[in-house]
Each structure stands twice: as C-alpha cells, then as structure tokens.
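Structure first, commentary second.
The values are calculated or read from the model by the stated rules, or taken from the named source; none is laboratory data. A quick note: this is a predicted structure, and the numbers were derived from the prediction, not measured. Glycine gets a Cβ as well: all are built from the backbone with ideal geometry, and neighbour counts include every protein chain shown. Protein only, heavy atoms only, side chains kept; ligands, DNA and RNA dropped before computing areas. Shrake-Rupley method; radii C 1.70, N 1.55, O 1.52, S 1.80 Å.
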Amino acid sequence: LIGHTKDVTSVALSANGQILASGGPDQTIRLWNVQTGQRFHTLRGHTSDVYDVALSADGQILASGSKDQTIKLWNVQTGQLLHTLTGHTSHVCGVALSADGQILTSGSEDQTIKLWNVQTGQLLHTLTGHTHTVTSVALSADGQTLASSSVDGTIKLWGVAE
C-alpha cells in the first residue's frame, strides 16, 4: 500500500481484518480497505509526527497519538474528528483502546500513562511510575489489566478499574 509521503511508524488492523490504519511523520493517518488495497480516508489534524494508531474492536473508532502532544479520536466511517485530547506535556508515543471501545490509554515521553473516556474525551486517571518515556501501552481483552513499556527498561502491569 502506497500513500504516505514519508516513512510509516504505526499500523493497526480492525478485529475483522477489513480495515488497516497507518500513521507517520507526514502528519496523516491513512485508512485502507484491506481486501481492495484502496485508501478510503486520509485524516489530517495533527501538527507533527503521528507516532501510534489504534482501532476499536468494532472498527468504528480510531485513536492517534502524536509528537504534537495530542491524541485524536476519529470516526472511521466518516473520517470526522470526534475529540482532541490534551493533557500530556510531551510526545504521545502509544495509544490503546479497550475491547468495548469505552476506554483509551495513552503513554507519553512525559513518563505518564493516561486513561480517558472515549465518549466524552474526559481524563479519568493519570498513572505514574516509569522513570523515562512510556513507549507503548496495551489493554487486556477484559479491560482489567494495562501493560506499559518504557525506555527505562521496564514493563509495568497495572490493575484498571473503570
């Protein structure tokens, strides 16, 4: 699949394998139909590199994290921007959505992990404990466990109560 004007730094597949999202330093997110290889949306709104993308299990919501310190939530079908989440004080390196699509987690160069309500865009919790950049985050299928990795050489497991 060709379409980005620079390297591609992140990809995500929908649970049914029909949609691929890709992001990179050209400040765009591209949405692709996997069966046809055709791009059906190019999402613009970040003002710097897109570091990570994540799709909800139902393929309806896309989250993107950027060097511009924001997270954006998008409607996959329409390409409409739903929310811009602010609160990190440095690059957003990793994003993950819960299986039910209700909770978003983000990890940042600011050494924090944030949990957000996807519907409202409200910040729910900030987790601290890493001593360097949080590079990625992942949620268990039941949404009860969060894993985070960091440049500090550690992986941390967190209990999450929605």
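Segment 29-49 and segment 113-153 have Cα centres spaced 25 Å apart. To the nearest 0.05, what FRET efficiency results for Q77 and A161 with a Förster distance of 45 Å applied to their C-beta separation? Working from the Cβ atoms, E equals 0.90. A straight Cα-to-Cα reach below 17 Å connects K72 with the lysines K114, residues fewer than 8 places away in its own chain not being considered.
In the chain, the ratio of gyration radius to Kirkwood radius, Rg to Rh, stands at 0.95 when only Cα atoms are counted. How much of the pair distance distribution for segment 27-118 lies past 22 Å, counting alpha-carbon pairs only, in percent? Tail of P(r) above 22 Å: 21 percent of Cα pairs.
Calculate, in whole percent, how much of the Cα-Cα pair population of segment 97-162 lies beyond 18 Å. Result for the distance tail: 29 percent.
Counting only protein heavy atoms and a probe of 1.4 Å, the accessible surface of the chain is 49% carbon and sulfur. Evaluated with a Cβ-only charge set (Lys, Arg +1; Asp, Glu -1), segment 12-77 carries a dipole of roughly 140 debye about its Cα centre, given to the nearest 20.
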